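Everything on this sheet refers to the single structure shown next.
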Amino acid sequence: MFMVRPMDFDLFMERYGYKILFGIFGVVLLVIIGTLLASFYLLFRYLGYFAASLVIVFLFAYAFTVKRRVIDAQAQAHAKYFYDDRRKR
């Protein structure tokens, strides 16, 4: 009988690591896109085409105007407390 040598970690990652990471990334991406599409489907189903379209347009406009400014202000506030721009001695 022949003996099967155990595969070391480097060889395992070389052979299967990128495939596993690609699979995990694909599943995460599918879950994100699937959740978004399912929410759009439910919006169209329960509100109708016109009302759902208005809600989606409002959400995109809100995300790219108000929410963007809020996130930018939060980033500046965090940068003020967590980043010291003074020169080191």
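In table form, for the structure just shown:
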item: Carbon/sulfur fraction of accessible area - the chain, other protein chains in place, 1.4 Å, %; result: 69
item: Virtual spin-label span in nm between Ala75 and Lys19, 7 Å along Cα→Cβ; result: 3.9
item: Cα→Cβ-extended label distance, 7 Å offset, between Ala63 and Tyr49, nm; result: 2.3
item: Region 40-48 - phi-based ³J(HN,Hα) in whole Hz, Karplus 6.51/-1.76/1.60, Gly and Pro as x; result: 5, 4, 5, 4, 5, 5, 8, 9, x
item: Cβ-based charge dipole, the chain, positive-most Cα from Leu36, Ala61, Ala79; result: Ala79
item: Cα-based shape type of the chain, given that a ≥ b ≥ c are square roots of the gyration tensor eigenvalues and the cut on a/c is 1.5; result: oblate
item: Chymotrypsin sites (Phe, Trp or Tyr not before Pro) within region 22-85: DSSP coil, no more than 15 neighbouring Cβ in 10 Å; result: Tyr83
item: Residue-normalised accessible area of the chain, expressed per residue, 1.4 Å probe, Å²; result: 104
item: Extension gain from Val31 to Phe9, taking 0.36 nm per residue of separation minus the Cα-Cα distance; result: 5.0 nm
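The values are calculated or read from the model by the stated rules, or taken from the named source; none is laboratory data. Bear in mind the structure is a predicted one, so any value in this text is a computation, not a measurement. Virtual Cβ from ideal backbone geometry, glycine too; neighbours counted across all protein chains shown. Side chains included, ligands, DNA and RNA excluded: accessible areas come from the protein's heavy atoms. Shrake-Rupley method; radii C 1.70, N 1.55, O 1.52, S 1.80 Å.
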